[in-house]
Every structure is written in structure tokens, then in C-alpha cells.
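**Q** Take this structure, written in C-alpha cells, and hold onto it; I'll ask about it next.
Computed from the coordinates by the stated procedures, all read-outs in this text should not be read as laboratory data. Keep in mind that this is a model prediction, so the values were computed, not measured. All Cβ positions, glycine included, derive from the backbone under ideal geometry; neighbour counts span all protein chains shown.
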Amino acid sequence: MRIEHFALNVADPVAMARWYVEHLGVHVALGSDKPPYGHFLADSGGQVMIEIYHNPADPIPDYAVQPPARMHLAFISADPAGDRDRLLAAGAAHVEDVDLPDGGYIVTLRDPWGLPIQLVKRGKPLL
């Protein structure tokens, strides 16, 4: 087995999908302009997707108050510091930068909806 997608109930999946496509290099593999406005966002490698949708029957988690250590989306970045600055200009909020013992670097941000995201450059790839 392998992971197909990870799903998140969000307040505005259409706007969020647009932001992720424009700023994080994902593409919409499948999207809908009808409730629940589900969007499957595929990574640039075409191996993993994030599903975002709006289900008003289920309370939307308050992602902005969740510690990034509890839950976050991590993206591989060749230039985490440069991507950090670009995403801050696009409405993200900075949380922290961490140097890794293997020479890697992680930048943690929150997207404009408060969801924690990481920009990761590993000294030694995990996979």
C-alpha cells in the first residue's frame, strides 16, 4: 500500500487551493465548484495528494491554534529561506526556522488560514 491523500476540512477550499497552486507548486488533480468544494491537490512529483473540502456538518478545526508539532504539511524545498520570504509576502506567517544536525534546514510557517506548513531541506533525504 501507499498513501493516496490526506484530507482536511477547511473554511474556504477554493481560495486555499488557489493559494497552494500559486505558491507551493501543487496542481489540482480534481476540483469541484459545488459543495463540498473538494479539491485534490497533487504534489509536483505526482505521488501524494492533499484533499481540501468544506463540510459544514463537521466543525472545522482551528488550525491556527494547533501546535505545528501536532500536525503540519511538509514540503521539500531546495531553498527554504528564499521560499519562506516569498510565502511571507504572499500572506503566510512565520513560526520558526530550525537548523538540523545533518546540515538540513526546516522553516515552519502558517498558511493564510492558519494551517502549519514546513519547508524542509534535509542534509540526507529520508526517502
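**Q** Amide H neighbours of VAL95 under 5 Å, counting only residues 5+ apart in sequence or on other chains, H built in-plane at 1.01 Å?
**A** THR108, LEU109, ARG110
**Q** Separate question: Let me check I've understood the local charge: for LEU87, count other residues with C-beta under 12 angstrom from its C-beta, Lys and Arg +1, Asp and Glu -1. What total comes out?
**A** -2
**Q** Another question, then. Looking at the chain, identify the longest residue range that excludes and avoids all trypsin sites (Lys or Arg not before Pro) in DSSP loops having at most 11 other Cβ atoms within 10 Å.
**A** 3-69
**Q** Quick check: residue separation of ALA7 and GLN66 times 0.36 nm, minus the Cα distance between them. What number comes out in nm?
**A** 19.6 nm
**Q** Let me ask something additional. Quick one: plug the Kirkwood hydrodynamic radius of the stretch 1-55 (C-alpha pairs) into Stokes-Einstein at 10 °C, 1.306 mPa s, and report D in µm²/s.
**A** For these conditions, the coefficient is 144 µm²/s.
**Q** Shifting gears a bit: Counting only C-alpha contacts under 8 Å and six or more residues apart, can you give the relative contact order of the chain as a whole percent?
**A** 21 percent
**Q** Could I get the Rg over Rh figure for the chain? Both from C-alpha atoms, Rh via Kirkwood, rounded to two places.
**A** 0.96
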